[in-house]
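What follows draws every value from the coordinates through simple rules; no lab data is involved. As the structure is a computational prediction, the values presented were derived from the model and not from experiment. For neighbour counting, all protein chains shown are included, and Cβ atoms are generated from backbone atoms with ideal geometry for every residue, glycine included.
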Amino acid sequence: MAKVITLGEILVEIMRLGAGQPLDQAGEFRGPFASGAPAIFAVAAARLGLDTAFIGTAGDDAFGRMLRSTLIAEGVDTQGLQMIPNYATGAAFVAYDETGGREFVFHIRQAAAGQIDRDVIPVQIFEDVKWLHLSGSTIFINEHCRAACLRAVELARQAGGKISLDPNLRLDLMPLEESRQVLAPFLEVADLLLPTENEAHLLTGHSDTAVAARELTNNPKTIVVTKRGPQGCSIFHTAQQLDIPGFSVDEIDPTGAGDCFSAAFIAGIEAGWILEQVGRFANAAGALAVTKMGPMEGAPTQSQVEKFYE
């Protein structure tokens with residue numbers, strides 16, 4: 001199995017029971033669910049058969065223990081997960097509006113999730129690594145997390161691994177112009193870029209998706225994939241553009257769909273498939289991810305994905 005490492009925030013997600021219940025009003029919640037973009041990616045990758053390791057920090061508390069148990073149960077290597085005292089496990093409170101939009105209140109920067117340190121990354125994890133997957137949501141947290149991400153890139157490159165980046169813009173964590181600046185060194189080294197179509201537009205200032213995708217990187221060998229939700233994805237590689245249609249499903253919870261898509265795309269590449277097949281597989285995994293409540297609950301196995309689009 002190809003070895004995939006991801007580094008970043010792991011947290012609990014606590015969500016409203018239904019649409020139209022904003023966070024500034026009293027009401028009921030459901031949770032906690034294991035969450036955090038890198039952690040969701042790790043579980044999705046493991047379910048798709050990839051040898052997956054997670055590096056991050058959680059509090060030495062009940063939520064942290066639940067998160068660690070979840071990763072272990074999914075077969076994720078947790079030797080890089082630190083349970084640290086004196087910091088509470090990170091949390092996100094989520095509400096949905098009637099159009100499917102989401103409202104968040106994050107507790108990350110001052111929580112355990114924001115305490116990732118480059119000096120405690122276990123070097124041995126990177127032996128034989130094939131991919132390092134990073135999320136912009138980690139890069140935006142603080143300088144410590146950015147330094148840890150850069151150190152992970154260094155270690156992955158030394159081991160001959162490739163870099164995958166989901167820009168995962170979080171404008172409630174960092175303004176757009178600053179986001180562009182801190183993402184720049186990661187965009188330069190990425191072998192695989194996985195923005196949403198809107199993120200590609202925002203990061204480059206171009207409304208033409210093809211132009212935006214090609215301006216995200218100066219490396220002609222980089223594969224750029226713009227995610228378009230139910231409409232599918234577009235893949236840009238060398239002079240090639242592939243528009244892969246999506247799948248229609250009943251959406252229950254969109255959280256984690258992009259992370260499942262990213263994991264499936266890497267799994268497809270490692271399987272040796274042509275890019276059109278990889279894109280279709282990733283679209284199906286992303287579609288299945290939204291059909292269950294909870295960030296990780298909808299992450300499918302390879303057999304579930306293949307059965308879905310037979």
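Some observations on this one:
- Mean Cα-pair separation over length for the chain, i.e. relative contact order, pairs under 8 Å, 6 or more apart, %: 16 percent
- Gyration tensor verdict on segment 86-169 (Cα atoms; rounded if a/c is under 1.5, prolate if a/b is larger than b/c, oblate otherwise): oblate
- Each of P38, L11, A88 was placed along the dipole of segment 1-89 (beta-carbon charges, centred on the mean Cα), and the one lying farthest toward the positive end is P38.
- If the segment from A26 to V249 were pulled out straight at 0.36 nm per residue, it would be longer than the present Cα-Cα gap by 77.2 nm.
- V105 versus H144: modelled label distance in nm, points set 7 Å from Cα along the beta carbon direction: 2.4 nm
- Label-point separation, S207 to A73 (7 Å along Cα→Cβ), nm: 4.8 nm
- Gain in span if fully extended, M66 to L176, counting 0.36 nm per residue against the direct Cα distance: 36.2 nm
- Charge dipole (debye, nearest 20) of segment 1-61; +1 at Cβ of Lys and Arg, -1 at Cβ of Asp and Glu: 300 debye
- Average Cα contact separation per residue, segment 164-310, under 8 Å, 6 or more apart, as relative contact order %: 16 percent
- Summing Cβ point charges (Lys, Arg +1; Asp, Glu -1) relative to the Cα centre of the chain gives a dipole of roughly 460 debye.
- Selection of trypsin sites (Lys or Arg not before Pro), segment 84-145, meeting DSSP coil and at most 16 other Cβ within 10 Å: R109
- The packing ranking, built from the mean of other Cβ atoms within 10 Å per residue, places the peptides 201-212, 216-227 in the order 216-227, 201-212, highest first.
- One decimal place: the segment A271-S303 gains 10.1 nm when fully extended, by the rule 0.36 nm per residue minus the C-alpha distance.
- I139 sits among other residues whose Cβ lies under 12 Å from its own Cβ, and their net charge, with Lys and Arg +1 and Asp and Glu -1, is -1.
- Residue pairs, from the table K162/K292; K3/K227; K130/K307; K162/K221; K162/K307, whose Cα atoms sit over 22 Å apart: K162/K292; K3/K227; K130/K307; K162/K307
- Beta-bridge orientation, the chain: approximately 40 percent antiparallel, per DSSP, counting only bridges with both partners inside.
- Paramagnetic reach from M293 in segment 233-268 [backbone N under 12 Å; point 7 Å along Cα→Cβ]: 252-253
- Annotation note: chymotrypsin sites (Phe, Trp or Tyr not before Pro) in segment 39-106 located in DSSP loop regions with a Cβ neighbour count of at most 10 within 10 Å are absent.
- Rounded to whole Å, the principal axis extents of the Cα atoms in the chain read 50, 45, 41, largest first.
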